[in-house]
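Enquirer: Below you will find the structure I want to go over with you.
The values are calculated or read from the model by the stated rules, or taken from the named source; none is laboratory data. Remember, predicted model here, so these are calculated numbers, not experimental data. A quick note on method: Cβ atoms are made from the backbone with ideal geometry, for glycine too, and the neighbour counts reach across all protein chains shown.
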């Protein structure tokens, strides 16, 4: 399937604090496949040291490395696809869609066991219509 390597960047303010969103623009083949019915969010909370509420450089590097590790094990065979990343207000959230939550959890656990303990929480929900993704994707990209 077309993995949609084109990403759209957005930024804004929430309660006066900046946020960044990166969203994959071309995911229609995955939506149409009707097998990626589960959304799971990996939420990484941190404590900013200034009023921007953005992570420090070392935290950013650690987050990027973890994201790349997850991409390597989840997207290699399109078992789960990263669709969006939110950063700001003391958290980074990776939004994924999965074809099998049990397999996804197994792979995430394998990645997390091989890294230092990370301050992450994982939430899963049904979203067969990709409502979360479509809500954020600009209408011009749908």
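Enquirer: Those residues that are under 22 Å from residue 66 (Cβ atoms) and in contact with a helix residue (DSSP H, G or I) (Cβ under 9 Å, 6 or more places away or on another chain), I need them from the range 17-26; list them, please.
Expert: 21, 23, 24
Enquirer: Using the structure shown, decide if residue 112 is surrounded by fewer than 13 Cβ atoms within 10 Å (Cβ to Cβ), outside any loop (DSSP other than H, G, I, E, B) and at pLDDT below 95. So that I can check it myself, show each step before the final result.
Expert: Numbers: surrounded by fewer than 13 Cβ atoms within 10 Å (Cβ to Cβ): no; outside any loop (DSSP other than H, G, I, E, B): yes; at pLDDT below 95: yes.
No, not satisfied.
Enquirer: Something else now. When you check residue 137 against the structure, is it modelled with pLDDT under 90, surrounded by 14 or more Cβ atoms within 10 Å (Cβ to Cβ) and under 22 Å from residue 12 (Cβ atoms), yes or no? I'd like the intermediate steps shown before the answer.
Expert: On the way: modelled with pLDDT under 90: yes; surrounded by 14 or more Cβ atoms within 10 Å (Cβ to Cβ): yes; under 22 Å from residue 12 (Cβ atoms): yes.
Against the criterion (modelled with pLDDT under 90, surrounded by 14 or more Cβ atoms within 10 Å (Cβ to Cβ) and under 22 Å from residue 12 (Cβ atoms)), residue 137 qualifies.
Enquirer: Now for a different question. For the range 78-101, which positions are crowded, with 19+ Cβ neighbours inside 10 Å and over 12 Å from the mean Cα position of the chain (by Cα)?
Expert: Correct list: 88 only.
Here is a yes/no grid of residues against (1) out of contact with any helix residue (DSSP H, G or I) (no Cβ under 9 Å at 6 or more places or on another chain); (2) crowded, with 18+ Cβ neighbours inside 10 Å; (3) in contact (Cβ under 8 Å) with a residue 60 or more places away in the chain; (4) under 22 Å from residue 14 (Cβ atoms):
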position	(1), (2), (3), (4)
32	yes, no, no, no
38	no, yes, yes, no
45	yes, no, yes, yes
51	yes, no, no, yes
55	no, yes, no, yes
65	yes, no, no, no
76	yes, no, no, no
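Enquirer: Among the residues of the range 115-142, which ones are in a helix (DSSP H, G or I) and either without any contact (Cβ under 8 Å) to a residue 24 or more places away in the chain or touching a helix residue (DSSP H, G or I) at 6+ places or on another chain (Cβ under 7 Å) (or both)?
Expert: The first filter runs over the range 115-142 and keeps only residues in a helix (DSSP H, G or I), leaving 131-136, 139-141.
Selection gives 131, 134, 135, 139, 140.
Enquirer: Here is a further query. When you look at residue 104, is it in contact (Cβ under 8 Å) with a residue 60 or more places away in the chain, surrounded by 13 or more Cβ atoms within 10 Å (Cβ to Cβ) and assigned to a strand (DSSP E or B), yes or no? Show your work before the answer.
Expert: Values: in contact (Cβ under 8 Å) with a residue 60 or more places away in the chain: yes; surrounded by 13 or more Cβ atoms within 10 Å (Cβ to Cβ): yes; assigned to a strand (DSSP E or B): no.
Answer is no for this residue.
Enquirer: Test residue 8 against the criterion of being in a strand (DSSP E or B) and exposed (fewer than 14 other Cβ atoms within 10 Å of the Cβ), and give yes or no. Don't jump to the end; show me each part of the working.
Expert: Working: in a strand (DSSP E or B): yes; exposed (fewer than 14 other Cβ atoms within 10 Å of the Cβ): no.
No: the conditions fail for residue 8.
Enquirer: For residue 94, state whether it is in contact (Cβ under 8 Å) with a residue 24 or more places away in the chain, assigned to a helix (DSSP H, G or I) and touching a helix residue (DSSP H, G or I) at 6+ places or on another chain (Cβ under 7 Å). Steps first, answer last, please.
Expert: Details: in contact (Cβ under 8 Å) with a residue 24 or more places away in the chain: yes; assigned to a helix (DSSP H, G or I): no; touching a helix residue (DSSP H, G or I) at 6+ places or on another chain (Cβ under 7 Å): yes.
So residue 94 does not fit the description; no.
Enquirer: Can you name the condition, by its number, that residue 78 falls short on among (1) within 29 Å of residue 52 (Cα to Cα); (2) assigned to a loop (DSSP other than H, G, I, E, B)?
Expert: Here residue 78 meets the rest and fails (1).
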